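Below is one structure; the comments refer to it alone.
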Amino acid sequence: MHARPLAAALAVLVLAGCGTSTPPDEQAWEKSSAQVLDDVAGSVASSRITLHEERAGHLVGRAGLVMAQDAESSASGATQGYLHRQPAPGRADDFREIAELLHEAGAVLVDARIALATGAEDEYAALQSRLLEVGEALDAAAEPLRGAGG
Amino acid sequence: MKKYLAVALGILTAIGGFVDIGDLVTNAVVGSRFGLSLAWVVVVGVIGICVYSEMSGRIAAVSGRATFDLVRERLGPRVGLLNLLASMAVTFLTLVAEIGGVALALQLLSSVHYLLVAPFVAVLLWLVLWRAKFSAMENVVGLLGLALVVFAVALWQLGPDWAELGRDAVMARKPEGESWTTFAFYAVALFGAAMTPYEVFFFSSGGVEEKWSPEDIGVMRANVLVGFPLGGLLSLAIAGSAAVVLMPAGVTVDSLGQVALPVAVALGKIGLSVVILGFVAATFGAACETGLSIGYSVAQYFGFQWGKYVRAGEATTFHVIVGTSIIAATAVLMTTVDPVMVTEASVVFSALALPLTYLPILVVANDRDYLGDYVNGRFANVMGTIYLVIIIVVSLAAIPLMIITGMGR
């Protein structure tokens with residue numbers, strides 16, 4: 001007797017479950033945005049310290065390269081996870097800005113890893129500055145989101 | 001004189017053997033995110049492991065039998081099996097993390113990917129557990145593990161604001177950006193890392209292997225009551241150096257390299273070399289202990305011949321279990337699962353399984369049939385009961401906190 005409404009409800013649930021990606025509410029989106037920006041900023045800072053220590057001759061063997069690879073892969077994982085999710089309604093422009101910043105950070109991390117792998121010591125200073133700049137930009141982008149959602 | 005040397009050696013190996021991959025990673029993560037505001041959890045955890053290690057050591061010295069042997073006999077096969085399954089699952093997860101930890105430490109030095117290194121580590125581990133003498137294995141890795149004292153030297157060299165660090169530690173000041181649920185999650189993880197079940201199994205089974213008698217209780221107590229707290233200071237030094245170098249830069253630890261980074265900043269190449277040696281020794285030593293603990297637990301439960309002091313041919317099943325666990329743990333690693341993630345999971349699941357490990361020890365330690373005049377006194381029972389309550393609360397909170405915080409995110 002109640003089979004039809006039950007089937008309809010199930011169908012709605014199944015279809016909803018099959019949707020590509022449900023947009024999160026604004027607060028959750030801001031929180032996850034702040035989180036990814038903080039995570040990537042942490043990786044950028046880690047790579048910057050690694051370069052600094054490599055320049056100072058404080059690292060042994062290939063430790064600097066491994067540390068830079070770890071920072072790059074951690075940032076890449078966090079970025080991919082974030083970019084695959086839908087932004088909150090009406091926040092597509094903010095999402096694109098964050099995505100651009102994350103890609104920029106990823107590019108500098110790749111450059112740092114390449115420099116450490118090839119031993120391009122003359123590039124270390126410039127890379128440290130770029131990492132510092134992009135780290136500050138990530139931090140600045142995260143600040144208002146942290147206040148609202150985090 | 002010989003006795004004093006034995007005590008000193010025991011204490012030194014207890015310090016060096018106290019820290020494993022769980023302590024390394026969890027303390028560094030906590031230091032980089034919470035500073036020293038969770039230092040009190042390390043203190044509480046170290047006292048707890050002292051209370052229960054002393055009990056299980058006393059049980060081994062007086063009865064000449066190890067934990068699982070007595071748990072099954074005293075509480076019956078069903079409770080014993082539950083205890084065995086829960087402890088084995090956590091110990092196996094820890095074995096995966098330790099083998100991964102050795103491979104990651106060697107990757108740090110060589111840049112050869114840890115997945116290529118892990119099978120060689122597994123073979124070496126199996127060879128050591130099969131061929132090496134128990135005391136040689138325990139002493140060598142324990143003493144080399146002392147290299148981790150470099151964290152304390154690094155913290156000193158970094159010249160932190162000691163008053164500020166002290167205030168963080170004493171007042172448990174949570175950083176503003178972190179939530180209370182995350183704070184509680186990491187408190188549970190730190191407690192789980194300090195009270196990992198395998199430490200007690202290994203300690204009591206090792207006592208049986210070394211044929212402790214009631215006369216050895218004094219030396220055993222010295223090892224536990226001096227060695228473990230000094231090992232706990234190493235944990236605090238790891239957290240402290242991460243708090244001084246990584247926290248201000250906004251770096252959250254998610255790799256073993258980042259755990260070592262503060263030492264490189266403070267002490268340069270020599271410091272980094274020493275800390276990597278310490279990583280290898282601590283994780284390899286803990287891999288030996290977890291591998292043996294799995295063999296001990298299963299063999300003691302089912303009543304097989306077990307131990308390193310028995311010829312391999314007389315304890316075949318024991319050695320097959322140890323070898324199979326090493327192969328299985330390496331196979332898990334080869335699925336490309338992140339060893340640091342496994343470590344984080346292992347300390348939380350360790351917290352979950354704590355009551356199943358420690359309640360039977362408290363029960364057996366109060367049984368005159370086994371311990372005669374050496375049963376728990378009032379102080380041991382008060383401490384044991386207080387810790388049992390803490391353990392149950394921590395165990396109940398572990399999974400909800402893991403879900404709410406998304407593994408501490």
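Nothing in this text is a laboratory measurement; each read-out follows from the coordinates by a stated rule. None of these values were measured; they are calculated from a predicted model. Please note: Cβ atoms are built from the backbone with ideal geometry, for glycine as well, and neighbour counts cover all protein chains shown.
Here are some notes:
- Among B:385, B:335, B:182, the largest mean-square fluctuation in a Gaussian network model of chain B, built with springs joining Cα atoms closer than 10 Å, belongs to B:335.
- Here the contact order of segment B:291-386, divided by its residue count and restricted to Cα pairs under 8 Å and six or more residues apart, works out to 16 percent.
- Counting only DSSP H runs of at least 4 residues, each contributing -39500 (n - 2.57), and dividing by the residue count of chain B, the helix-based mean residue ellipticity at 222 nm comes to -27500 deg cm²/dmol.
- Sorted by Cβ density within 10 Å, fewest first, the residues B:114, A:82: A:82, B:114
- Neighbours of residue B:20 by Cβ distance under 9 Å: Lys/Arg scored +1, Asp/Glu scored -1, total -4.
- Estimated FRET transfer efficiency (residue B:133, residue B:368; beta-carbon r; R0 30 Å; 0.05): 0.25
- Separation of alpha-carbon centers, segment B:170-247 and segment B:5-57, rounded to whole Å: 2 Å
- Distant alpha-carbon pairs in segment A:25-142 (separation over 16 angstrom), percent: 56 percent
- Other residues lying with their Cβ under 13 Å from the Cβ of residue B:100 contribute a combined charge of -4, Lys and Arg counting +1, Asp and Glu -1.
- With a simple spin-label model that places each label point 7 Å from the Cα along the Cα-to-Cβ direction, the separation between residue A:100 and residue B:386 comes to 5.9 nm.
- Shape category assigned to segment B:1-157 from the gyration tensor of Cα positions, a/c cut at 1.5: rounded
- Percentage relative contact order, segment B:2-405, counting C-alpha pairs under 8 Å, at least six apart: 37 percent
- Rounded to 0.05, the FRET efficiency of the residue B:6 and residue A:110 pair, given R0 = 60 Å and the Cβ-Cβ distance, is 0.65.
- Neighbour counting of Cβ atoms within 10 Å sorts the residues B:148, B:388, B:81, fewest neighbours leading, into B:81, B:388, B:148.
- Within a Gaussian network of chain B (alpha carbon springs, distance under 10 Å), most fluctuating of B:137, B:171, B:247: B:171
- On full extension, the segment bounded by residue B:249 and residue B:215 gains 7.0 nm, given 0.36 nm per residue less the C-alpha separation.
- Cα gyration tensor category, rounded, prolate or oblate, for segment B:184-314 with a/c compared to 1.5: prolate
- Prolate/oblate/rounded call for the protein assembly as shown, Cα gyration tensor, a/c under 1.5 rounded: prolate
- Label point distance in nm, residue B:222-residue B:115, each placed 7 Å from Cα along Cα→Cβ: 4.9 nm
- For the pair residue B:173 and residue B:74, the difference between a 0.36 nm per residue extended length and the Cα-Cα distance amounts to 31.2 nm.
- Each of B:112, B:251, B:62 was scored by other Cβ atoms within 10 Å of its Cβ. Listed from fewest to most, they are B:112, B:62, B:251.
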